[in-house]
Structures are given as C-alpha cells and as structure tokens.
Amino acid sequence: MRNIVVIGAGTMGNGIAHVFAQNGFETTLNDLNEIQLQKAKATILKNLDRQLLKGKVSEELKLKTLGRLQFVTQANRAIKQADLIIEAATENFEIKKKIFNDVMPIAPSHCVFATNTSSISIDKLAVEISQPERLIGMHFFNPVPVMQLVEIIKGEKTTPEVTKKTEELTLKLNKTGVVVNDAPGFISNRILMPMVNEAIEALSQGVAGVKEIDTIMQLGMAHPMGPLRLADLIGLDVCKSILEIMHSGLENDKYAPTPLLVKRVDEGKLGIKSGIGFYNYTIDPKNPTVDFKG
Ligand code: CAA
C-alpha cells in the first residue's frame, strides 16, 4: 500500500492524514469544503511543530510529511490510484453510504475501503454498497498522532485478506491494531460511552461538580483526563450520536443519552470544537474554566 485517500478533513480526518503521511504514504486529504481543508492543513502544521519541539520528529521528517500531503476538494484523480480509501466524514449513515457508492466505481480493483466510524455498523453499511468484501472499519482515536490504538472492525463479508492488509497497514503507522467483530459501539465506545454518560448524569444530580468528577477519575483511576473533559475533546454531539446508535442498536435503555448531554448539545455547547462544553476553552484552551452551574 502506498497511495491513501482520506475523505473528510475534520478532527479525525486531519489526524489520520497526518499519521499516514508521517509514516511514508502518499496521502490525499479530500473535503468538499475548502475552508475545512485549509483548517486541516493549519492543524497538521501546528501538530507537526509540536512534535518537532518535543523532538518526536526531525525538521526533515516534518518537511517530508508535508510534501506527501495533498489537500483537494476534488479527489477523482487520487481515487483512481488509491490503495486505501478511508472515510472520516460526519457520523451519519447516509453520508457514509453515499461516499462509498461514489468512490467504489472509480477506485482500482485491489483498493481497500475503510470507514473511521465510531459506532455505525459495518454490516449495515455493507448491505448498501457494491463491494462489501473490501469494506472494513478502521477506528482511530483522538488525538490521532498520539493514541496508539486502531480498533479494526471486520464485517461478516470482509475477506480475511482485507483484514490482514489492514492489520499490516496499522503496524506501518506504528500503532497497534485490535480486531473485533461488528456490533453497535464495537468495544471501545460500548465501554467508554456509558462511563461518560454516567459522569454527566451524576453531575446533573449534583453528586459532585465538573472538576471533582474529573479529578476523581484522574487521580483515583489513573485516567489521563476526566470523563467530562474527555467528552469535550470527543465532542458532546459525537458522544450523543454514539449513545443513540447503541441505544437503538442494542435495544437497551441504559445507553440512552442522559438529558443534560442532550441539553448541552441543543445549546451548541459541543466541547473544544465550539469553545464551550463542560469547560470553557475560549480564554485559555490549555487551562479551561468550568462552564456548569448545577
Ligand atoms: N498531535 C501531536 N501530538 C500531540 C497532540 C496532537 N494533536 N496532542 C497532544 N500531543 C502530544 C504532546 O506533544 C505531548 O507529547 P510528549 O508526551 O512528547 O510531551 C503529549 O501528546 C501529551 O500532550 P500534552 O502535554 O499537551 O497534554 P496531556 O499530557 O494533558 O495529554 C492527551 C493530552 C494526549 C490528550 C491526554 O490527556 C490523553 O491521552 N487523554 C485521553 C485521550 C483519549 O482518551 N482519547 C480517546 C478519545 S475516544 C475517541 O477518540 C474515539 C471515539 O470514537 C469517541
């Protein structure tokens, strides 16, 4: 595998493109929105500079990484030569379905199609596309350049060859791939999201404040950040949508998003990306203040 196309230049898409390019792949990042592409370019540059400062990449590798990246609103030419196309668009079934149905007729016959979905069923998507045997889930974690895991989701129709190629590819990104079967929320979010939801529920019941809940999980359970700060990093809208998919897919009310999470999303308090979630990042993003009055 050499030529990679990443579709969707949001938080996950830019991180995925960054790690592919850094590890030697010719990478095309595609988004319909030119402004989003420019933002992605700036973020990758910022993160490469951060890695440079920490001695994680050399100046030479930084320049090589940037040289391997293309940012395009029209990806047909890259798709025709792609060995892997990874979709990292909005977590919406119809959008993902459309993307695969658009690219599959153009891509070469050996191309692997991966979706960076955090909860949408691979098998459900497979029914709607022409080449289900070449579809696989490659679930990356935020921040992508830092997190070591790729959760690889094989569908019922995914061939063993495609799974093997994806595992090998993950190793080339210096990440660990763990293969799981298809189920709503897979393993990562099946376990993570109920914890995040419960933290928000406990907050809404006044059991403890935002800082207190996060400190308990950080110092008592050695989590790198508390669940409310993590929800802000992931995006409260993303947390809500993953919980909804698990709620309907697993047919169990324990996965229903708690009312305070729904309220925050309705208010546009989506976390870091909107400036405010359970914390306010608008003044000092590194040291945000609590934004919640119980
Ligand atoms: N790009 C490159 N490097 C980055 C980075 C980025 N975007 N963000 C942070 N880093 C690097 C920093 O340079 C730093 O490097 P060193 O260790 O060499 O110093 C390191 O990561 C730690 O960063 P900071 O010192 O700035 O901050 P921190 O120590 O507070 O760590 C964190 C930040 C890495 C985000 C850490 O808090 C963490 O691991 N949090 C948990 C994140 C997590 O659980 N992510 C998964 C979310 S779930 C998901 O994404 C999937 C889903 O489906 C919802």
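Structure notes:
- Using θ = phi - 60° and Karplus 6.51 cos²θ - 1.76 cosθ + 1.60, couplings along the stretch 281-294 (whole Hz; Gly, Pro as x): 9, 6, 8, 10, x, 6, 10, x, 9, 5, 10, 7, 10, x
- Counting neighbouring beta carbons within 10 Å and listing from fewest to most, the residues D232, D182 come out as D182, D232.
- Computed over the stretch 95-168, the convex hull of the alpha-carbon atoms projects to a mean area of 5.1 nm².
- Trypsin sites (Lys or Arg not before Pro) within the stretch 232-294: DSSP coil, no more than 11 neighbouring Cβ in 10 Å: K286, K293
- Listed by chain and number, the lysines placed with their C-alpha closer than 27 angstrom to that of K98 are K39, K41, K80, K124, K154, K157, K164, K165, K240, K273; residues fewer than eight positions away on the same chain are left out.
- Put a plus charge on the Cβ of each Lys and Arg, a minus charge on the Cβ of each Asp and Glu, and nothing anywhere else: the dipole of the chain about its Cα centre is then about 840 debye.
- In sequence order, calculated HN-Hα J values of the stretch 83-96 (Karplus, 6.51, -1.76, 1.60; Hz; x Gly/Pro): 8, 9, 10, 10, 8, 10, 7, 3, 6, 9, 4, 5, 5, 5
- Whole-Å distance, taken between Cα centres, linking the stretch 83-126 and the stretch 1-80: 19
- Using θ = phi - 60° in the Karplus curve 6.51 cos²θ - 1.76 cosθ + 1.60, the 3J(HN,Hα) couplings for the stretch 16-25 round to 5, 4, 4, 6, 5, 5, 4, 9, x, 8 Hz; x is entered for Gly and Pro.
- Once the chain from M147 to K64 is taken as fully extended at 0.36 nm per residue, the excess over their C-alpha distance is 27.7 nm.
- Highest-fluctuation residue, L270, L169, L219 considered, GNM on the chain with Cα pairs under 10 Å: L219
- Nitroxide proxy distance, nm - points 7 Å out along Cα→Cβ at Q38 and Q81: 2.7
- Long-range HN-HN contacts of T28 with modeled amide H, under 5 Å: I4, V5, V6, Q70
- Across the alpha-carbon atoms of the stretch 3-181, the computed radius of gyration and Dmax are 15.2, 46 angstrom.
- Residues with amide H under 5 Å from that of T115, placed H, sequence gap 5 or more: E87, I136, G137, M138
- With a simple spin-label model that places each label point 7 Å from the Cα along the Cα-to-Cβ direction, the separation between A222 and V290 comes to 2.7 nm.
- Sparse packing (at most 16 other Cβ atoms within 10 Å of the Cβ) combined with a DSSP loop state is found for the following trypsin sites (Lys or Arg not before Pro) in the stretch 1-89: R2, K54, K56.
- Share, in percent, of DSSP beta bridges within the chain that are antiparallel, nearest 5: 20
- On the beta carbon distance between N174 and K263, with R0 = 35 Å, the FRET formula returns roughly 0.30.
- The simple spin-label model puts a point 7 Å past each Cα toward its Cβ; for K211 and D253 those points are separated by 3.6 nm.
- Among A199, N101, I245 the positive-end extreme of the charge dipole of the chain (Cβ point charges): N101
- Note on L233 and R2: with the Förster distance fixed at 51 Å, the Cβ-Cβ geometry gives a FRET efficiency of about 0.95.
- Net dipole in debye of the stretch 1-156 [+1 Lys, Arg Cβ; -1 Asp, Glu Cβ; about Cα centre; nearest 20]: 480
- The amide H of V150, built 1.01 Å from its N in the peptide plane, has T176, G177, V178 as neighbours under 5 Å, considering only residues 5 or more places off or on other chains.
Values in this text are rule-based calculations from the coordinates and carry no lab data. These figures come from a predicted structure and were not determined experimentally. No Cβ is skipped: glycine too gets one built from the backbone with ideal geometry, and neighbour counts run over all protein chains shown.
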